[in-house]
Amino acid sequence: MTTRNRNHHIDFLPLLILVSVTVICLAPFAAKPFNIDEPLFIWVAKQIHVHPLDFYGFRTNWYGTDMDASRIIKNPPLAAYCLSLAAALFGWKEIPLHLAFLIPAVAAALGTYFLAREFSHHPLAATLIGILNPVFLLSGTTVMCDTMMLALYVWSAFFWVRGIRNDSWRDLGIASLLIALCSLTKYFGISLIPLLLIFALAAGKEKKHRALVLLIPVVILGLYQWGTNVQYGRGLLSDAAGYATQQKGMNIAAILPNLVTGLSFTGGCLISTLFFVPFLWKKRAIGVSILLTLFATIPLKLLNFSHIAENASWSYYLQLSLFVAAGLNILVLVCLDLHHHKSPDSLFLALWFVGTLVFAAVVNWSVNGRSILPMAPISGILVMRCLEHQRGKEWQPGMIRLLVPLTCAGLVSLAVTWADFRLAETTREAATAIARAYGNSARPVWFQGHWGFQYYMEKNNGIAYDRKYSIIQPGDLMVIPENNTNAFPEVIEKGAPLQRLRFPPTSLLTTMNYSAGAGYYSSVFGPLPFVMGEGLDEIYHVIRFSTTYKP
């Protein structure tokens, strides 16, 4: 079954539903503080505001010492240009910038709908399954490049698929330009070139010459590589590719844990598919799967993960097993779709899913939710294609059948998004409390740790500690967070403890905590994208130095 809704008639009601759902889910988080890598995008946008053609022409302390931005930032600058434009119009505050970034989130939802029309008879349901996921909603609450990249990704795929089917040079040209923009938003967009090339080749001999249009993004990216090499002394495209692979290295023993972690992130970040299991499989298959999921906690506990919470309980491994099972469920859908249809469509969807999974789990420097995001649009398409195959072309999903699993998926996704919102708030609360308590000190207030904490500490006149060049004088203060990155806690022993500040996020979920084993933004923190259970307080140590300390 390869014939889909390929007419050009547009029903505006589904579009209105998708826009409404996206805005209603994301707008309440517009006040979210900047966190994780968002400060890098803000700083690049501010640099562009002053020097539009020298986007990485500044230095910052992100890895513990002052470095050129071109050595630190591993994303292209297009999202920062959009951020700079939004800030020029509305200012640098959190609310207007987050509201501006609702536009790419809405564009991603609409693009998923039009793409789903090419592959499914129920594009609205497929799109809702795709966007009511933790990875989509959480990504939509940031000003990083991920949601913008996804919007360009799905629209590129849509125009290419339609262009190949309708033999339209115009659509193929639009797709090629969108591929270039997508790749200049986030380098993962380059994966579109081989993906769409294979789709064109699989569509038939008479379509093969159309693939030459893909030379357009290749040339544009080649010029970008050459231009950044001239300006910054290194081609930023190849530099990012080397960073993604070299940081992980070749460790045969880590392949299985990495794949398990990749499946865990896939299942957790795309959890909406799990709520459709009762409609996809027979009761006996579901019962066997539940038993296997329970028993899988034993071998999972024996695997050598890069990091796991020291006090991880059996409930932790049960959640890990559940997420892995959810990830395997989507992988089974991919295999069944290939088996049932044996068409360019099914090959296209399979390569999209498997290629993203391999990149996220094996190639990239660590598994993270941001790398899983490109799977979100096709997760819903795969669910609906399976249901359509089981029930026939004329099948219509009942309102209850859709509303119950979608509501459950939406509630879980909003809970995860809220947990990440609260985690981001603790960084701003900590910086504000520290400035209020010690900002009037005659001595400087140093701090370690980066992400959003660095952004708000610097706004409150804190000084980022440089492990190579900073010289700490008697009477100086330093703040060291426990749950952060590129911090050096051994410095605590060089000073006298002054205060230990605690900031509770949520009590039910955590998305990024080393001690909890939750690592949505990096599996270095744990093999689960988020952990359900008691949340851990964010702890900050304040110390005072009585002697001079040189790094």
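No lab work stands behind these numbers, since they all come straight from the coordinates. What you are looking at is a predicted structure, and each value in this text was computed from that prediction instead of being measured. Note that each Cβ is placed from the backbone with ideal geometry, even for glycine, and that neighbours are counted across all protein chains shown.
Worth pointing out:
- Sorted by Cβ neighbour density within 10 Å, fewest at the top, the residues Leu13, Leu508: Leu13, Leu508
- Helix axis angle, 102-117 relative to the chain longest principal axis, alpha carbon, degrees: 20
- Computed E for Lys459/Val362 - FRET, C-beta separation, R0 30 angstrom, nearest 0.05: 0.20
- Least to most buried among Glu118, Glu538 (fewest other Cβ within 10 Å first): Glu118, Glu538
- Between the stretch 313-383 and the stretch 40-112, the C-alpha centres lie 29 angstrom from each other.
- Nearest 10 degrees, 0 to 90: helix 283-295 Cα axis against the chain principal axis: 30
- Spacing of the two label points (7 Å from each Cα toward its C-beta) at Arg391 and Val19, in nm: 2.9
- Counting only residues at least eight positions apart within a chain, or on another chain, the aspartates and glutamates with an alpha carbon under 12 Å from that of Lys208 are Asp167.
- Using alpha-carbon coordinates, inclination of helix 12-26 to the longest axis of the chain, degrees: 20
- Were the residues from Leu223 through Asp54 laid out at 0.36 nm apart, the gain over their Cα-Cα distance would be 59.3 nm.
- Packing-based ranking, highest mean first, of 369-381, 47-59, 77-89 given that Cβ atoms within 10 Å are counted: 369-381, 77-89, 47-59
- Theoretical gain in end-to-end length, Leu498 to Leu215 [0.36 nm per residue, Cα-Cα removed]: 95.8 nm
- Antiparallel bridge percentage (DSSP; both residues within the chain; nearest 5): 75
- Chain lengthening between Ser289 and Val332 when straightened (0.36 nm per residue, less Cα-Cα): 14.2 nm
- Spatially proximal aspartates and glutamates relative to Lys550 (Cα-Cα < 20 Å; intrachain offsets below 8 disregarded): Asp66, Asp466, Asp476, Glu490, Glu493
- Simple spin-label estimate for Leu256 and Lys93 gives 5.5 nm between the two label positions (7 Å along the Cα-to-Cβ direction from each Cα).
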